[in-house]
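The values are calculated or read from the model by the stated rules, or taken from the named source; none is laboratory data. Note that the structure is predicted; figures quoted are calculated from it, not measured. As a convention, Cβ positions derive from the backbone with ideal geometry for all residues, glycine included, and neighbour counts pool all protein chains shown. Surface accessibility is based on the protein's heavy atoms, side chains included, excluding ligands, DNA and RNA. Shrake-Rupley method; radii C 1.70, N 1.55, O 1.52, S 1.80 Å.
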Amino acid sequence: MARFKTGGNNGGVIFLNSAARTADGGVNAMTVRNETGGALRLLTSPGGATGAMGLTLAATTGNATFDGTLTVSATQDSTSATTGALVVAGGVGIAKSLKVGTTITCTSLSQTSDKNLKEDITDLDNTYGFINALRPDILAVCRAYKMPEDLVKQESDGYYSLDYSQLLAPMIRCQQGLFDMIVTLMERVAKLE
């Protein structure tokens, strides 16, 4: 056991649990503990103290903060919410883009649709031409369909992506237009009978 002290009695301790100890991480666990009540910080500092990168564990919450990139090198596939190379028991907040290499499986997918988060809200005009030009496999790379630019995006890897959720509003508008046409035609047929 190595013990480090500051000016008072408090300090830090590093120790390896014995085969009989179940506290502090369990049997045969290596424990690094800050007994001053402050955060625990593990650093790597190739250029000296300035620019040191590492891991910080907050004293009161246990929240971990990484200065660099967290890489999980295990390749175990996920077959449920409790399997895979990285398993998170709680929710996950992601401030920027999320790239997934294969299938996303979920029980619910919710996208923001609040008017306070949108700009330049306008009614859609005739969407028949746009919808009728789509093929059932909807290939994003086929710009001949004259898709709005916010639907199709070329990713940094050169592949194209399509925001399928953005097709819903034009399809609803197209359906509404078709319904109006059906009502009008039914009224005309009724007058002819």
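Output the number of the condition that Phe130 fails; it satisfies all remaining conditions of (1) modelled with pLDDT under 80; (2) exposed (fewer than 10 other Cβ atoms within 10 Å of the Cβ); (3) part of a helix (DSSP H, G or I).
(2)
Among the residues of segment 13-43, which ones are open to solvent by less than 70 Å² (accessible area, probe 1.4 Å), aliphatic (A, V, I, L, M), part of a strand (DSSP E or B) and over 18 Å from Thr61 (Cα atoms)?
Matches in segment 13-43: Val13, Ile14.
Select, from Ala81, Ala59, Ala89, Ala95, the only residue that is free of Cβ contacts under 8 Å to residues at least 60 places away in the same chain, in a loop (DSSP other than H, G, I, E, B), under 16 Å from the mean Cα position of the chain (by Cα) and surrounded by 10 or more Cβ atoms within 10 Å (Cβ to Cβ).
Ala81 is the lone residue from the list that is free of Cβ contacts under 8 Å to residues at least 60 places away in the same chain, in a loop (DSSP other than H, G, I, E, B), under 16 Å from the mean Cα position of the chain (by Cα) and surrounded by 10 or more Cβ atoms within 10 Å (Cβ to Cβ).
If a residue must be touching a Ser or Thr at 6+ places or on another chain (Cβ under 9 Å) and at pLDDT below 75, how many such residues does segment 24-51 contain?
Qualifying residue count for the region: 3.
In segment 62-78, what residues are out of contact with any strand residue (DSSP E or B) (no Cβ under 9 Å at 6 or more places or on another chain), open to solvent by less than 80 Å² (accessible area, probe 1.4 Å) and not small (Gly, Ala, Ser)?
Val72
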